[in-house]
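First the structure, in the form of structure tokens, and then the observations on it.
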Amino acid sequence: MFKKILIANRGEIACRVMRTCKRMGIKTVAVYSDADAGSLHVEMADEAVRIGPPPAAESYLQIDRIVEAAKKTGAEAIHPGYGFLSENARFAEALDKAGIVFIGPPSPAVKAMGDKIESKKLARKAGVNVIPGVDEPVADPDAAIKIAREIGYPVMIKAAAGGGGKGMRVAATDDEVKSGLRSATNEAKSSFGDSRVFIEKFVEEPRHIEIQVFGDKHGNTVYLGERECSIQRRHQKVIEEAPSPFLDEKTRKAMGEQAVALAKAVNYASAGTVEFVVGKGRNFYFLEMNTRLQVEHPVTELVTGLDLVELMIRVAYGEKLGFTQADVKLNGWAMESRLYAEDPYRNFLPSTGRLVRYRQPKTGDRVRIDTGVREGDQISIYYDPMIAKLATWGKDRAAAIAQMRDALDSYVVRGISHNVPFLSAIMADKKFQGGTFTTGFIAENYPGGFQGAALEQEDDARLLAVAGAVHRRAVERDAGISGQLRGHEATPGTDWVARFNGADHALTITPTNGGYEVDDGASKRRVESDWRPGQLLFHGKIDGHELVVQVDRAGAGYRLSQGGATRNVLVMTPRTAELAKHMPEKVAPDMSRFLLAPMPGLLVSVAVKTGQDVKAGEELAVVEAMKMENVLRAERDGKVKKVHVAPKDSLAVDQVILEFE
């Protein structure tokens, strides 16, 4: 077996590969950019080598530096993780030339299947169902429009060497083809160093389902079931699960056999994923093959009991697969949520900054967390915004979802915006729970953006009871050991008023053994918890119903978060509540005359100039952050008074880009 392996990646996937290596007794080498000098994957490795400045193009995409790092440290093999160089045929060939083992498929397979255009041709030859489209790259906007019209709208513009949602755009009109072609080309070039894009038919009402395949160097190839990846935003997966709630055994077998046929056609060895788009009649078409380990591989591991990284290492070393297709059994159900540094309340714009607080749920047989960050780490603008992958297992789909909901409620992230509330809202959605969704789920359910989850009346009533109990305990803490308020000769009263959901609620809060009884006038609830002021998680029971609520101070009040919903509440004495009614409300300044940077990033371009008239929907500027281009458009008609910045400027969040008259 290998004695030392270099991981040519960063973040959670580098840490995940290292965990398996350590269990196998293999030493590890990390590579890092200046931005990652103090990162977790560097700390976990036995050795670490600096490979360049923060931009990926100057560090993690530098083949020569990574090969040199392997030679310098004596690493016999390199695991590429996913993204970066994982599907770069030149990288695999460079390792072959240097005598270093690539822990992945043979370089000819990487070259053939890593190219999305070539892979479609090979899939067609192998008898795999292929989606209608054009197999040649397109760069000219007029040619792209002609192709799109011939195929029929809507169409998908897709990077030839892409993956992970980068370099992809859906276009339903000629104008969308023009803008989509430009953005997809730019993203493809910056993310993969390959600007080629092609066009294919976008299947309406689609589901995105992929088959995990695995082959060795002795001609053995199997499929390890499927993963449902239809919950996507901007073509990037958000929730994945195994198995799919949509497939029947007949379709699963047909898809698996086609995936194996494609793998055998290119003498595939190692982990690979064949992705399909599946229509409402369970008709399926080949999308692409990813010649690497997938981000969502944990769900497959949870239902099969296999360690895919270990299998990759053993196959790369020359060992045979120790099982056949008949041995592959799926046990239970697994769900994965991707935690991103983004603001779901601001159209999911990327968020950067320091993780001031970071507390993970308890892990075990039913909860798994893959992450590359710790409390205090910096989320930068240079890389993918993923914070962690949270995976749960249950005996069936309902159990896996319930486990995920509990884990999300217990996940504490502070200092940056994050998508935990959004993930919780999806888990609570009845359509999602019923398994009746498509890749359009997010766009259809949140057409105006995410504004927080809707709660049942009983859930809101429970949060109100929690607010009363939390405040009463905080007041008792302030009263000191004697049970008396500082400077007064009285203990906390039982009568309070809670400003909650825009209305005042009279509460009677009475201490009981192990908690409080909270009476809101309509009903009484018994609240039990050992929560203490300063703790971010309220673990407790309300009338025997267990729940976890996140508690933050918000000025004089509290911000309570649970199940994807957030409620601000202020608990006051009756006298304070009466006086508060006479306080003037703060009015936010009018910023409608300004175009503000919605996130930290790099200003790619400004499409207008001073004095220019603009129409609603017209492009104003493009900002790049975390490898994604974000087009900023005019919200209404107007005239540009002044442009405050220039292309290539670094922008802070809410920085003024331009001003209207």
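The values are calculated or read from the model by the stated rules, or taken from the named source; none is laboratory data. None of the values given here were measured: they were computed from a predicted structure. Note that we place each Cβ from the backbone using ideal geometry, even for glycine, and neighbour counts take in every protein chain shown.
Having 1 or more residues that are polar (S, T, N, Q) is the bar; report the strands (runs of 3 or more DSSP E) wholly within segment 570-661 that clear it.
So the answer is 601-606, 628-633.
So which residues in segment 180-198 are of a type in the set (Asp, Glu) and either under 20 Å from PHE437 (Cβ atoms) or surrounded by 21 or more Cβ atoms within 10 Å (Cβ to Cβ) (or both), if there are any at all?
GLU187
Restricting to segment 112-126, name every residue that is surrounded by fewer than 23 Cβ atoms within 10 Å (Cβ to Cβ) and under 20 Å from PHE214 (Cβ atoms).
Scanning segment 112-126 gives ALA112, LEU122, ALA126.
Output the number of the condition that SER244 fails; it satisfies all remaining conditions of (1) assigned to a loop (DSSP other than H, G, I, E, B); (2) among the hydroxyl-bearing types (Ser, Thr, Tyr); (3) out of contact with any Lys or Arg (no Cβ under 8 Å at 6 or more places or on another chain).
(3)
In segment 2-11, how many residues are charged (D, E, K, R) and surrounded by fewer than 24 Cβ atoms within 10 Å (Cβ to Cβ)?
Adding up the residues that qualify gives 2.
I'm trying to understand the selection: among the residues of segment 260-300, which are of a type in the set (Asp, Glu) and surrounded by fewer than 21 Cβ atoms within 10 Å (Cβ to Cβ)?
The answer is GLU275, and nothing else.
Scan PHE214, PHE202, PHE276, PHE284 and give me the residue that is more than 30 Å from MET628 (Cα to Cα) and in contact with a strand residue (DSSP E or B) (Cβ under 7 Å, 6 or more places away or on another chain).
Only one candidate passes the filter, namely PHE214.
Report, by residue number, each residue of segment 199-223 that is of a type in the set (A, V, I, L, M, F, W, C), surrounded by fewer than 24 Cβ atoms within 10 Å (Cβ to Cβ) and part of a strand (DSSP E or B).
VAL213, VAL222
Which residue pairs have Cβ atoms closer than 9 Å, lie 6 or more positions apart in sequence or on different chains, and pair a first residue in segment 62-90 that is at positive phi with a second residue that is in a helix (DSSP H, G or I) and charged (D, E, K, R)?
If the second residue must be in a helix (DSSP H, G or I) and charged (D, E, K, R), the pairs left are GLY81/ARG16.
Taking segment 28-51 on its own, how many of its residues are surrounded by 19 or more Cβ atoms within 10 Å (Cβ to Cβ) and not in a helix (DSSP H, G or I)?
11
Could you list all residues from segment 83-124 that are in contact with a His (Cβ under 9 Å, 6 or more places away or on another chain) and of a type in the set (Phe, Trp, Tyr)?
Scanning segment 83-124 gives a single hit, PHE102.
Could you please give the count of residues in segment 370-395 that are surrounded by fewer than 20 Cβ atoms within 10 Å (Cβ to Cβ) and under 14 Å from HIS418 (Cβ atoms)?
3
Please go through segment 149-163 and give me each residue that is crowded, with 17+ Cβ neighbours inside 10 Å and assigned to a loop (DSSP other than H, G, I, E, B), ordered by number.
Result: ALA160, ALA161, GLY162, GLY163.
Could you look through segment 225-242, keep only residues that are surrounded by fewer than 24 Cβ atoms within 10 Å (Cβ to Cβ) and closer than 23 Å to SER270 by Cβ, and pick out the one that is modelled with the lowest pLDDT?
Ranking the qualifying residues of segment 225-242, first place goes to LYS237.
Of all residues in segment 228-267, which are free of Cβ contacts under 8 Å to residues at least 40 places away in the same chain and touching a Leu at 6+ places or on another chain (Cβ under 9 Å)?
Listed by number, the list holds a single entry, GLU228.
Regarding LEU536, is this residue closer than 23 Å to ALA506 by Cα and either at pLDDT 95 or above or in contact with a Gly (Cβ under 6 Å, 6 or more places away or on another chain) (or both)?
For LEU536, the condition - closer than 23 Å to ALA506 by Cα and either at pLDDT 95 or above or in contact with a Gly (Cβ under 6 Å, 6 or more places away or on another chain) (or both) - is not met.
Just to be sure before I move on: is GLU118 under 16 Å from ALA263 (Cβ atoms) and either assigned by TED's automatic domain parsing to the domain that holds PHE192 or within 31 Å of the chain's Cα centre (by Cα) (or both) in the structure I sent?
When the stated conditions are applied, GLU118 passes them.
In this structure, does LYS166 turn out to be part of a helix (DSSP H, G or I) and farther than 19 Å from ASN283 by Cα?
Criteria not met by LYS166.
Only one of these conditions is not met by VAL623: (1) over 12 Å from LEU658 (Cα atoms); (2) out of contact with any Lys or Arg (no Cβ under 6 Å at 6 or more places or on another chain); (3) in contact (Cβ under 8 Å) with a residue 60 or more places away in the chain. Which number is it?
(3)
Restricting attention to segment 410-458, and to residues there that are part of a loop (DSSP other than H, G, I, E, B) and hydrophobic (A, V, I, L, M, F, W, C), which single residue is surrounded by the fewest Cβ atoms within 10 Å (Cβ to Cβ)?
If we take residues in segment 410-458 being part of a loop (DSSP other than H, G, I, E, B) and hydrophobic (A, V, I, L, M, F, W, C), then ALA454 is surrounded by the fewest Cβ atoms within 10 Å (Cβ to Cβ).
Quick one: would you say ARG575 is surrounded by fewer than 13 Cβ atoms within 10 Å (Cβ to Cβ) and at pLDDT below 90?
For ARG575, the condition - surrounded by fewer than 13 Cβ atoms within 10 Å (Cβ to Cβ) and at pLDDT below 90 - is not met.
How about segment 372-388: which of its residues are touching a helix residue (DSSP H, G or I) at 6+ places or on another chain (Cβ under 9 Å), within 19 Å of ASN630 (Cβ to Cβ) and not in a loop (DSSP other than H, G, I, E, B)?
Within segment 372-388, MET386 is the sole residue that qualifies.
Those residues that are assigned to a strand (DSSP E or B) and of a type in the set (Gly, Ala, Ser), I need them from segment 52-84; list them, please.
GLY52, ALA77
Evaluate segment 513-532: report whether one residue or more is loosely packed, with under 15 Cβ neighbours inside 10 Å, under 20 Å from GLU458 (Cβ atoms) and under 38 Å from the mean Cα position of the chain (by Cα).
no
So which pairs qualify, if the first residue must be in segment 345-358 and more than 20 Å from ALA35 (Cα to Cα) and in contact (Cβ under 8 Å) with a residue 40 or more places away in the chain, the second must be surrounded by 22 or more Cβ atoms within 10 Å (Cβ to Cβ) and hydrophobic (A, V, I, L, M, F, W, C), the Cβ gap must be under 6 Å, and the two must be at least 6 apart or on different chains?
Correct list of pairs: LEU349/MET599.
Please work out which residue is surrounded by the fewest Cβ atoms within 10 Å (Cβ to Cβ), limiting yourself to segment 164-173 and to residues that are out of contact with any Phe, Trp or Tyr (no Cβ under 9 Å at 6 or more places or on another chain) and at pLDDT 85 or above.
Per the stated criteria, the residue is MET168.
If I ask for residues that are touching a strand residue (DSSP E or B) at 6+ places or on another chain (Cβ under 7 Å) and more than 22 Å from TYR382 (Cα to Cα), which ones from segment 70-95 would you list?
Across segment 70-95, the qualifying residues are ALA70, LYS72, THR73, GLY74, ALA75, GLU76, ALA77, ILE78, ALA92, LEU95.
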